[in-house]
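First the structure, in the form of structure tokens, and then the observations on it.
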Amino acid sequence: MASAVTCSAAELLPHLGSSANATAAAEFICGRFSAVSEYLTHTTYAVDTTYLLFSAYLVFAMQLGFAMLCAGSVRAKNTMNIMLTNVLDAAAGGLSYYLFGFAFAFGAPSNGFIGKHFFGLKEFPSQAFDYSYFLYQWAFAIAAAGITSGSIAERTQFVAYLIYSSFLTGFVYPIVSHWFWSGDGWASASKTDGNLLFGSGVIDFAGSGVVHMVGGIAGLWGAFIEGPRIGRFDRSGRSVALRGHSASLVVLGTFLLWFGWYGFNPGSFLTILKSYDHTTRGTYYGQWSAIGRTAVTTTLAGCTAALTTLFCKRLLVGHWNVVDVCNGLLGGFAAITSGCAVVEPWAAIVCGFIAAWVLIGFNALAAKLKYDDPLEAAQLHGGCGSWGIIFTGLFAKKEYVNEVYPGFPNRPYGLFMGGGGKLLGAQIIQVVVIIGWVSVTMGPLFYLLHKFKLLRISRDDETAGMDLTRHGGFAYIYHDEDEGSSMPGFKMTRVEPTNTPTPDHHNRSVNVVV
């Protein structure tokens, strides 16, 4: 916040002489100063709140990106199902985060493990939090749930989505965010009592671990417990591609996610109207500059990962694949999310380059282990998110760390930047505890759903497609009532890949893959 403009009539009086009106003049002048100070304070609150709300809207727009990405990555017969689950993530997550999640995450004062205030936003707003902060954090929570829904797509019962989404956003995710983002969290870099883990705390600025790893590891357990989709691996164990029905939707979803990431990463500063120390730079440099730098590092990491994936997959499979490039781009974003505010732009290029290889490697391992994730969500968000956390421990710059996390000038920073290994040690601990926590919470939940036959749909339903058997019909409905139509015999039938001769263009029946 801006420094308050203070004025004391007693201090001002000697400068006004000994006239009879001096006291009244001093009080009047100080009154004007107080009014200006109050106005500037209100303006600062308004500017910062507007910035945070705008960032929240951008992060929420990522839900549309997830929906489009998921829809394009599944087969047409399951489009309505996956779209509905994305709506559900936001709706169910909104209520559970309102009732419990925000309190568990940021309900201070509390212990290092879990928050215990603000249930149902009681006693809101406060000196520490306003409603805009809740909205921003809710958007993050439902993003984690959206990641998980992609891993278990095309074979999961609708009731399972309701249960896991509420549990993840209301309990599992908030506990992790409390550990690493709350001022009371045991591993938070912003811990208010100064007792920081390894003297640094964990730097996970926008959530490579808190959001992406949590969603990815949860999805890993869900997909592992319910097993691969029918036909994903043949009888000899070879991988069979069950390609999504629309690359166009995948690209649309990717660009929407890219757009939303500018609220995800730069928005995590929470405020914009804040100046920095001007001893080394001019007054032009402040938190607004750090926000711009964060947007640049985010962009460079994603672009590098996309190009690396493009050429690597060309060498591996022999053609250019836009879906692989989109996933590589998102992998770069997931990786840079941890250190986006504390690394140089050139380091972001290194982050994106390695993130692409991490994704390619985990995808190869998944195929070898017969693990089926339609959106590569566990590999992308879990694997690349883990790399991003380690990357921060290697490349965090001292100057940027002290700007973003002030108050501790001797705080450790990146190993490769001369800051020693303490920060890297804290980052490794974050990776381990997130894997452990999500595994012991979401793993048993998915196992119980499986045991009570609430997790996976029947074989017949999966073969026919959930849109038809569970949602009243296909997402794509075609009507051709125009007598002058060039395709009067248009119909929808199931088509399997076969080696067929060139189609007869005089045949008036058209097949559509569903």
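The values are calculated or read from the model by the stated rules, or taken from the named source; none is laboratory data. All values reported here derive from a predicted model rather than from experimental measurement. Here the Cβ is made from the backbone with ideal geometry for all residues, glycine too, and neighbour counts use every protein chain on show. Ligands, DNA and RNA are excluded from the accessible area calculation, which covers all protein heavy atoms including side chains. Shrake-Rupley method; radii C 1.70, N 1.55, O 1.52, S 1.80 Å.
For region 376-421, the set of residues classified as closer than 25 Å to residue 212 by Cα and of a type in the set (A, V, I, L, M) consists of 377, 378, 380, 389, 390, 394, 396, 401, 404, 415, listed by residue number.
Give region 121-150 a look and list any residue that's open to solvent by less than 30 Å² (accessible area, probe 1.4 Å) and touching a Pro at 6+ places or on another chain (Cβ under 8 Å), or say none. Listed by number, the residues that qualify are 141, 150. Inside region 220-241, residues that are outside any helix (DSSP H, G or I), in contact with an Asp or Glu (Cβ under 8 Å, 6 or more places away or on another chain) and not charged (D, E, K, R) make up a count of 5. Among the conditions (1) among the β-branched types (Val, Ile, Thr); (2) farther than 16 Å from residue 389 by Cβ; (3) crowded, with 24+ Cβ neighbours inside 10 Å, the only one that residue 211 does not satisfy is (2). Considering 325, 350, 358, the condition of being in contact with a Ser or Thr (Cβ under 6 Å, 6 or more places away or on another chain), open to solvent by 10 Å² or more (accessible area, probe 1.4 Å), part of a helix (DSSP H, G or I) and not small (Gly, Ala, Ser) is satisfied by 325 alone.
To keep it simple, each residue is scored yes or no on (1) in contact with a Phe, Trp or Tyr (Cβ under 8 Å, 6 or more places away or on another chain); (2) farther than 30 Å from residue 181 by Cα; (3) modelled with pLDDT of 95 or more.
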| position | (1), (2), (3) |
| --- | --- |
| 432 | no, no, yes |
| 438 | yes, no, yes |
| 442 | yes, no, yes |
| 462 | no, yes, no |
| 467 | yes, yes, no |
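Just so you know, in region 416-455 the residues that are under 18 Å from residue 158 (Cα atoms) and open to solvent by 60 Å² or more (accessible area, probe 1.4 Å) include one that is nearest to the chain's Cα centre (by Cα), and it is 447. Of all the listed residues (331, 282, 286), the sole one being farther than 27 Å from residue 234 by Cα and under 22 Å from the mean Cα position of the chain (by Cα) is 331. Residue check: residue 65 meets all listed conditions (1) at pLDDT 95 or above; (2) surrounded by fewer than 18 Cβ atoms within 10 Å (Cβ to Cβ) but one, namely (2).
Listed here are the residues, each with its yes/no results for (1) assigned to a helix (DSSP H, G or I); (2) over 17 Å from residue 176 (Cα atoms).
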residue: 51; (1), (2): yes, yes
residue: 60; (1), (2): yes, yes
residue: 63; (1), (2): yes, yes
residue: 71; (1), (2): yes, yes
residue: 92; (1), (2): yes, yes
residue: 95; (1), (2): yes, yes
residue: 98; (1), (2): yes, no
residue: 126; (1), (2): no, yes
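Scanning region 266-288 for residues being open to solvent by less than 50 Å² (accessible area, probe 1.4 Å) and free of Cβ contacts under 8 Å to residues at least 12 places away in the same chain gives a total of 2.
Only one entry of 334, 341 meets the criterion of being in a loop (DSSP other than H, G, I, E, B), open to solvent by less than 40 Å² (accessible area, probe 1.4 Å) and either touching a Phe, Trp or Tyr at 6+ places or on another chain (Cβ under 6 Å) or closer than 17 Å to residue 255 by Cα (or both), and that entry is 341. Of the residues making up region 242-292, those that are of a type in the set (Ser, Thr, Tyr), under 19 Å from residue 337 (Cα atoms) and out of contact with any helix residue (DSSP H, G or I) (no Cβ under 7 Å at 6 or more places or on another chain) are 268, 289.
Is it fair to say residue 206 is at pLDDT below 95, at negative phi and either part of a loop (DSSP other than H, G, I, E, B) or open to solvent by 50 Å² or more (accessible area, probe 1.4 Å) (or both)? No: the conditions fail for residue 206.
Report, by residue number, each residue of region 309-320 that is in a helix (DSSP H, G or I) and open to solvent by 20 Å² or more (accessible area, probe 1.4 Å).
Taking region 309-320 first, the residues in a helix (DSSP H, G or I) are 309-317.
Those that are in a helix (DSSP H, G or I) and open to solvent by 20 Å² or more (accessible area, probe 1.4 Å): 310, 311, 313, 314, 315, 316, 317.
In region 68-85, the qualifying residues are those that are among the small types (Gly, Ala, Ser) and out of contact with any Ser or Thr (no Cβ under 7 Å at 6 or more places or on another chain), and the one that is modelled with the lowest pLDDT is 76. Among residues of region 179-197 that are in a loop (DSSP other than H, G, I, E, B), those with a Cβ under 6 angstrom from a residue that is polar (S, T, N, Q) and open to solvent by 10 Å² or more (accessible area, probe 1.4 Å), sequence gap 6+ or separate chain, pair up as 183/190; 183/192; 184/110.
Residue-level check: of (1) open to solvent by 30 Å² or more (accessible area, probe 1.4 Å); (2) more than 18 Å from residue 164 (Cβ to Cβ), residue 100 misses just (2). Screening residue 275 with (1) at pLDDT below 95; (2) under 28 Å from residue 334 (Cα atoms) gives one miss only, at (2).
Step by step: first the residues of region 243-265, then only those that are open to solvent by less than 40 Å² (accessible area, probe 1.4 Å) and assigned to a loop (DSSP other than H, G, I, E, B), then the one that is nearest to residue 205 (Cα to Cα). Which residue is that? The extreme case among them is 265.
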